[in-house]
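The values are calculated or read from the model by the stated rules, or taken from the named source; none is laboratory data. Quick caveat, the model's predicted, so the values are computed rather than measured. All Cβ positions, even for glycine, are placed from backbone atoms using ideal geometry, and neighbour counts span all protein chains on display. When the accessible area is computed, the model is the full protein with side chains, heavy atoms only, and any ligands, DNA or RNA have been set aside. Shrake-Rupley method; radii C 1.70, N 1.55, O 1.52, S 1.80 Å.
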Amino acid sequence: MHHYTAVGWVSVPIPFKSKAPLISDWQTWTLEQSAAATWLPDSNVGVLLGAKSGDLVDVDLDCIESLPFADEYLPPTLSFGRHGRPASHRLYKSVIESSSYRHERKTLVEIRSNGRQTVFPPSTHPTGEQITWVSPALPLQVIVPKDLEIAVGKVAAGSLLVQCWPRSGRHAAQLALAGGLLLAGWTTAAPLLVLRLVCKGTG
C-alpha cells in the first residue's frame, strides 16, 4: 500500500486470504516498485522486513501461550493481529537477523527481519479474519538487538513452560522452576512473575 511506501516500508501485493507474494522476485523489490505497483481492491499487502524497510523487525507470536509473556517482557510498540490472536505481531526498529524458537516442529516465537515479509493490515488472514492494528497510536520502538534477543527468549521460554507444564506434581515443578531462576541470578520478584504467568496460562 502506498501509505507504507510513504514511511519507507517496501510493500508487495499478495492474493486475498494468502501469505505468499504474487511476484517471484519480491525480496529484491524497492520503494519505487512498491509505489508503482497496481493493487486490486481486495489484495493483501506484505511488507518487507529488515534493512529493506529501514531495519523494521516483526516479532511474530506464533502460539497463543506467548501473548501474556510478550505483554510483560516486550517493550510496548506498534502492533497488529487478528481476532483469534490480537497483538500477535510486535514491530520494532533494530539491526538484527531473523531467528525462531520452535518446539515439536511448531514455532513459538519468531524474530522476522532480513529476507522475510509479513502480511500487514488491512489484509485478510487465511482463516477469514481481518488483520487490524491494535496499537496504531504507539510509536515504533527502537531497541538494541541484544535486548530484543533476551526479551524474545523469555517469551519463548515462558510459552514452552506453559505447553509442557505437568498435570500432576505442579507444586514440585513450581519449586524447581523458582529455585532454578533464583540460582540463575533472578531477583525474587522475577520468578514469582513467571510462575504467575505460567499458572494463568495453564489454568
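Per the Cα gyration tensor, segment 128-182 maps to an equivalent ellipsoid with semi-axes of 32, 19, 9 Å, ordered largest to smallest. Given the alternatives (1) 20.0; (2) 12.9; (3) 12.2, mean projected area of the Cα convex hull in nm² as computed for this entry is given by (3). Note on the chain: dipole from Cβ charges, positive end direction compared against 107, 144, 117; the farthest Cα belongs to 107. Across segment 109-120, rounded Karplus estimates of 3J(HN,Hα) from the backbone phi angles (6.51 cos²θ - 1.76 cosθ + 1.60, θ = phi - 60°) give 9, 9, 9, 9, 9, 3, x, 10, 9, 10, 6, 9 Hz, Gly and Pro being marked x. In a DSSP loop and with at most 16 other Cβ atoms within 10 Å, there are no chymotrypsin sites (Phe, Trp or Tyr not before Pro) in segment 73-142.
Estimated purely from DSSP H runs of n ≥ 4, each contributing -39500 (n - 2.57), the mean residue ellipticity at 222 nm for the chain is -10000 deg cm²/dmol once divided by its residues. In the chain, the longest principal axis of the Cα atoms and the axis of helix 170-183 are about 80 degrees apart. Excluding ligands, DNA and RNA, the accessible surface per residue across segment 143-191 is 59 Å² with a 1.4 Å probe. Dipole check for the chain: with +1 at the C-beta of Lys and Arg, -1 at the C-beta of Asp and Glu, and the Cα centre as origin, the magnitude is about 560 Debye.
Restricting segment 129-203 to trypsin sites (Lys or Arg not before Pro) that sit in a DSSP loop and have at most 16 other Cβ atoms within 10 Å of their own Cβ leaves 167.
Split the accessible area of segment 88-177 by element, probe 1.4 Å, and carbon with sulfur accounts for 56%. Protein heavy-atom accessible surface, 1.4 Å probe, per residue over segment 1-119: 47 Å².
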